[in-house]
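Q: Can you read through this structure? Questions will come right after.
The values are calculated or read from the model by the stated rules, or taken from the named source; none is laboratory data. Because the structure is a prediction, the values reported are computed rather than measured. For neighbour counting, all protein chains shown are included, and Cβ atoms are generated from backbone atoms with ideal geometry for every residue, glycine included.
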Amino acid sequence: MRQVSFNFYGQKVCVASDWPEALSLLKKDFDLFYSENSYSDNCDLKLFILKKDPKEISTPELVSKSQSQNSITYQLGHVRYNDYYGKLLSIFDYNKEEAQLYCLNIDKVHEVAYLLILSRVGKMLDLKGLHKLHAFAVSYKEIAFVCMMPMKGGKSTLLLELLKTKEVKMISDDIPLIDIMGNVYSFPMKIGVNEDSSQKLELQNPEENLYTLQREHYGKKIFINSKGLGERVELPGKKFKKVIIAEAFRFNSSETRLVSSSIFKTFKGLFKHGVVGIGLPMILEYFWEFGVIDFVKKSQIFLSRLLTFSIFTIKSTRISIYLGKNPDRAAEEILRFLKKKSQ
């Protein structure tokens, strides 16, 4: 089998597969975290993707532990079986941090593998004190502008409008990292776009860096991987101490307004999008475990997130954005604000 390796802030992930297309897609998803080193046994997470009918894989006779619209979960000791209703079977060994995915559908295995990696790596980073926030983030000079928005709120559209300005670089489309001191770290991945918005940027090698995924519950989505944006991306490891944190709300107007926000209002948004993590790309059947040890870990993560986002609220410049119907005007207002703050 072929193998690719990734390094997410010290968390090493190895993916092996007999399905070259699956490896190629994951490499596009996490292109700036790709590592030329083959970690072999020195991995924090091992993932095996096997092009095989999941119905042919024998599993123990077990009573389900939980069930959702995505899957049925079974547990035997430290091994978890997730049955995606016959479309995919995953077997995850929590003691070894090792997963096997059996599937015949490239879109399904790509979607699950991507979210599995983010779920496990996210938990590892949580325990190291680097917490994900459901928001997009860009840099302007040495300022990080972090904007929380709900799903379907126009996040990627606004991000693409901001990236039209040469001084603006992407920190993350979806999940910037925040540390205990309230600093922001770059976590660049793919950007989800539609066909119209994908034409708004001059992409590098669009035939290579523009690709699609047919998601089971959200339909077809077009993605731009980070390399397609060239120098308009902040590389992993970049840290920003000066931060503007914004929460955007839909505004039934052609105009966009930026106003100061209180500590309480900003923390309320951070609690939702960071402490609880609503909207974060993950799969709960891989993040949530069972038992006393994991209860302690989850408690540690919750308290660390609570402290981190409390400090982040106090340290950052806080604003609310009442987002009008014209994304280009909204981007102009935000850029005007960033230029003023950078002087």
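Q: If you go through the range 55-72 one residue at a time, do you hit one that is over 15 Å from Gln100 (Cα atoms), touching a Pro at 6+ places or on another chain (Cβ under 6 Å), free of Cβ contacts under 8 Å to residues at least 60 places away in the same chain and not assigned by TED's automatic domain parsing to the domain that holds Tyr286?
A: no
Q: Right, another one. Tell me whether the range 159-170 contains one or more residues that are under 15 Å from Ile334 (Cα atoms), surrounded by 17 or more Cβ atoms within 10 Å (Cβ to Cβ) and within 14 Å of the chain's Cα centre (by Cα).
A: Yes - at least one qualifying residue is present in the range 159-170.
Q: Name the pairs whose Cβ atoms lie under 8 Å apart, with the first residue in the range 252-270 and closer than 22 Å to Ile180 by Cβ and in the same structural domain as Tyr322 (by TED's automatic domain parsing), the second exposed (fewer than 11 other Cβ atoms within 10 Å of the Cβ) and of a type outside the set (Val, Ile, Thr), and 6 or more positions between them or separate chains?
A: Going by the 8 Å Cβ cut-off, there are no qualifying pairs.
Q: Could you check, for the range 334-342, whether at least one of its residues is of a type in the set (Ser, Thr, Tyr), over 29 Å from Val112 (Cβ atoms), modelled with pLDDT under 95 and touching an Asp or Glu at 6+ places or on another chain (Cβ under 8 Å)?
A: yes
Q: Taking the range 209-221 only, how many residues are over 16 Å from the mean Cα position of the chain (by Cα) and in contact (Cβ under 8 Å) with a residue 12 or more places away in the chain?
A: So the count comes out to 6.
Q: While we're here: Is it the case, given these coordinates, that Leu127 is surrounded by fewer than 22 Cβ atoms within 10 Å (Cβ to Cβ) and not in a strand (DSSP E or B)?
A: yes
Q: Only one of Lys340, Lys325, Lys298 is more than 27 Å from Tyr9 (Cβ to Cβ) and assigned to a helix (DSSP H, G or I). Can you tell me which?
A: Lys340
Q: If you take the residues of the range 181-208 that are of a type in the set (A, V, I, L, M, F, W, C) and modelled with pLDDT under 95, which of them is nearest to the chain's Cα centre (by Cα)?
A: Ranking the candidates gives Met189 first.
Q: Residue by residue through the range 27-50, note down the ones that are in contact with a strand residue (DSSP E or B) (Cβ under 6 Å, 6 or more places away or on another chain) and either under 16 Å from Cys103 (Cα atoms) or free of Cβ contacts under 8 Å to residues at least 12 places away in the same chain (or both).
A: Within the range 27-50, Leu47, Phe48, Ile49, Leu50 meet the criteria.
Q: Something else about it: Would you mind finding the one in Phe136, Phe145 that is in contact with a helix residue (DSSP H, G or I) (Cβ under 9 Å, 6 or more places away or on another chain) and within 18 Å of Phe223 (Cβ to Cβ)?
A: On inspection, the qualifying residue turns out to be Phe136.
Q: If you take the residues of the range 227-242 that are in a helix (DSSP H, G or I) and charged (D, E, K, R), which of them is nearest to Ser68 (Cα to Cα)?
A: Lys227
Q: Okay, next question. Scan the range 289-343 residue by residue and report those that are exposed (fewer than 15 other Cβ atoms within 10 Å of the Cβ) and aromatic (Phe, Trp, Tyr).
A: Phe290, Phe295, Phe302
Q: Could you grab the pairs with beta carbons closer than 6 Å, sequence gap of 6+ or different chains, first residue in the range 296-322 and over 23 Å from Leu258 (Cα atoms) and of a type outside the set (Ser, Thr, Tyr), second one buried (at least 16 other Cβ atoms within 10 Å of the Cβ) and at pLDDT 95 or above?
A: As it stands, the answer is Ile301/Asp126; Arg305/His131; Arg305/Val275; Leu306/Val275, since those pairs meet every condition given.
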